[in-house]
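Note sheet for the following structure.
The values are calculated or read from the model by the stated rules, or taken from the named source; none is laboratory data. Because the structure is predicted, anything quoted here is derived from the model rather than measured. Neighbour counts run over all protein chains shown; Cβ positions are idealised from the backbone, glycine included.
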Amino acid sequence: MILVVGGAGYIGSHMVKLLLAQGREVCTLDNLSTGFRDAVLGGEFHQIDLADAPAVDALMASRRFDAVMHFASSIVVGESVKDPAKYYRNNVANTLNLLEAMVRHKVGRFIFSSTAAIFGEPQRVPIDEDHPKQPVNPYGASKWMIERVLADFGHAYGLKSVCLRYFNACGADPEGRIGERHDPETHLIPLLLQVASGRRPNISVFGRDYPTPDGTCIRDYIHIEDLCTAHLLAVDHLVAGGDSRAFNLGNGTGFSVQEVLETVRRVTGHPIPVVDSPRREGDPARLVADSTRVRQQFGWTPRYADLDLIVRHAWAWEQKCAGMPAHR
Ligand code: UDP
């Protein structure tokens, strides 16, 4: 049985769906602070907060988990600058509760949602795994701290881990059952689609004076399904007795904000009014992954490495989601 922590959130719910499709036994732990119960398409569900260490310990004692996948964290960079305590508590202290319960109950395999934000301002692009780690905000710092904790837990307690550093996760379940549902939404593609569906009047483009060909920021957009496939390979690697690893996960192709905007206009047929706005604090000009290592070591190949397809799946979800109540 696999424990998916944060399985009611955007990435976690797609992971649960994929595990179930593979016929695996799944147990979801989520406090439903930002996730949705109805996004968990099957398996066991436990509404537990990672801050509640005794409850986490009791769950760990009650089942035999082959591995734990950890998606539960706070993820908004700007908020992390304004309220770092929330990020160190949720992403570091609460994760320690989980890891210590695992050690106590001899659950020895951990898959961790890490982020490109651990690298900080890129010194070279594309970014490979060995790029220096100098996070420039508390969000990135909190994720890098846990990567460091995992190295030490591996050494001291034999806990094996795979850290997956996501670039820009996007898209939705190709069959349209689940998708991105952040509240408030801060990510580019869902915001553009909310304009297309009439939920917002326009999109702000944060800066047109970056040193890129069209002046807008370049990002590496990776389909949620491809991201989750890498997690499956990671679990299988650890279950087969593999050692701890860390990988950068992206498609290796960058698209500018302007290119994403034009793709959304094309796919939705909506004009998408734009408001040119100042740069958003802490946005590097270009973030693109070098994912050679995960391709070579795990044989990972993205199936949906096509921005039009990513936007089509996300658009199908937005059209369904626009009429959904914002209940939890
Ligand atoms: N962005 C934008 N307008 C928005 C939201 C995002 O211009 O309303 C830009 C943002 O500055 C960045 C890119 O879109 O260059 C992707 O941002 P997102 O928040 O989706 O992901 P991030 O790269 O911050 O993880």
| said: Just to be sure before I move on: is K86 closer than 24 Å to T186 by Cα and outside any strand (DSSP E or B) in the structure I sent? | reply: yes
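Do the conditions hold for H70, that is, is it touching a residue at least 60 places away in the same chain (Cβ under 8 Å), under 20 Å from F112 (Cβ atoms) and in contact with an Asp or Glu (Cβ under 7 Å, 6 or more places away or on another chain)?
Numbers: touching a residue at least 60 places away in the same chain (Cβ under 8 Å): yes; under 20 Å from F112 (Cβ atoms): yes; in contact with an Asp or Glu (Cβ under 7 Å, 6 or more places away or on another chain): no.
So H70 fails the test.
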| said: Checking the conditions here, which among E259, E318, E281 is touching a Ser or Thr at 6+ places or on another chain (Cβ under 7 Å) and of a type in the set (D, E, K, R)? | reply: E318
| said: If I ask for residues that are closer than 18 Å to I127 by Cα, away from the ligand (no atom under 16 Å from the Cβ) and surrounded by 22 or more Cβ atoms within 10 Å (Cβ to Cβ), which ones from the stretch 231-265 would you list? | reply: F247
| query | Would you pick out the residues in the stretch 98-119 that are closer than 10 Å to M60 by Cα and either touching a residue at least 60 places away in the same chain (Cβ under 8 Å) or assigned to a loop (DSSP other than H, G, I, E, B) (or both)? | reply | L98, H105, K106, V107
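Keeping to the stretch 121-140, report how many residues are within 16 Å of the ligand (Cβ to nearest atom) and either free of Cβ contacts under 8 Å to residues at least 24 places away in the same chain or of a type in the set (V, I, T) (or both).
Going through the stretch 121-140, the residues within 16 Å of the ligand (Cβ to nearest atom) turn out to be 121-122, 125-127, 135-140.
Among the residues that remain, those that are also either free of Cβ contacts under 8 Å to residues at least 24 places away in the same chain or of a type in the set (V, I, T) (or both) are: 125, 127, 135-136.
Total satisfying the criteria: 4.
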| query | Looking at the stretch 286-318, which of its residues are in contact with a helix residue (DSSP H, G or I) (Cβ under 7 Å, 6 or more places away or on another chain), buried (at least 16 other Cβ atoms within 10 Å of the Cβ) and among the hydroxyl-bearing types (S, T, Y)? | reply | Y304
| remark: For the stretch 26-55 the number of residues that are within 14 Å of N90 (Cα to Cα) and either aliphatic (A, V, I, L, M) or assigned to a helix (DSSP H, G or I) (or both) is 5
| request: Could you give me the residue pairs with C-beta distances under 6 Å whose first residue belongs to the stretch 19-32 and is at negative phi and surrounded by 14 or more Cβ atoms within 10 Å (Cβ to Cβ), whose second residue is in a strand (DSSP E or B) and not hydrophobic (A, V, I, L, M, F, W, C) wherever it lies, and which are 6+ apart or on separate chains? | output: C27/E44; L29/H46
| query | Pick from D38, D30: which is among the acidic types (D, E) and under 18 Å from the mean Cα position of the chain (by Cα)? | reply | D30
| Is there a residue in the stretch 150-165 that is at negative phi, crowded, with 22+ Cβ neighbours inside 10 Å, among the small types (G, A, S) and at pLDDT 95 or above? | yes
| field | Unique match (being touching a Lys or Arg at 6+ places or on another chain (Cβ under 6 Å) and in contact (Cβ under 8 Å) with a residue 12 or more places away in the chain) among I203, I218 | value | I218
| task | Taking the residues in the stretch 127-149 that are over 19 Å from the mean Cα position of the chain (by Cα) and within 20 Å of V294 (Cβ to Cβ) as candidates, determine which candidate is surrounded by the most Cβ atoms within 10 Å (Cβ to Cβ). | result | H131
| message | Step by step: first the residues of the stretch 142-157, then only those that are hydrophobic (A, V, I, L, M, F, W, C) and in contact (Cβ under 8 Å) with a residue 12 or more places away in the chain, then the one that is nearest to the ligand (Cβ to nearest atom). Which residue is that? | response | W144
| request: State the number of residues belonging to the stretch 222-241 that are hydroxyl-bearing (S, T, Y) and touching a helix residue (DSSP H, G or I) at 6+ places or on another chain (Cβ under 6 Å). | output: 0
| query | Which of (1) farther than 25 Å from G154 by Cβ; (2) crowded, with 17+ Cβ neighbours inside 10 Å; (3) more than 16 Å from the ligand (Cβ to nearest atom) is the odd one out, the single condition S80 does not satisfy? | reply | (3)
| request: Would you mind listing the helices (runs of 4 or more DSSP H) fully within the stretch 242-328 where at least 3 residues are within 19 Å of R181 (Cβ to Cβ)? | output: 307-321
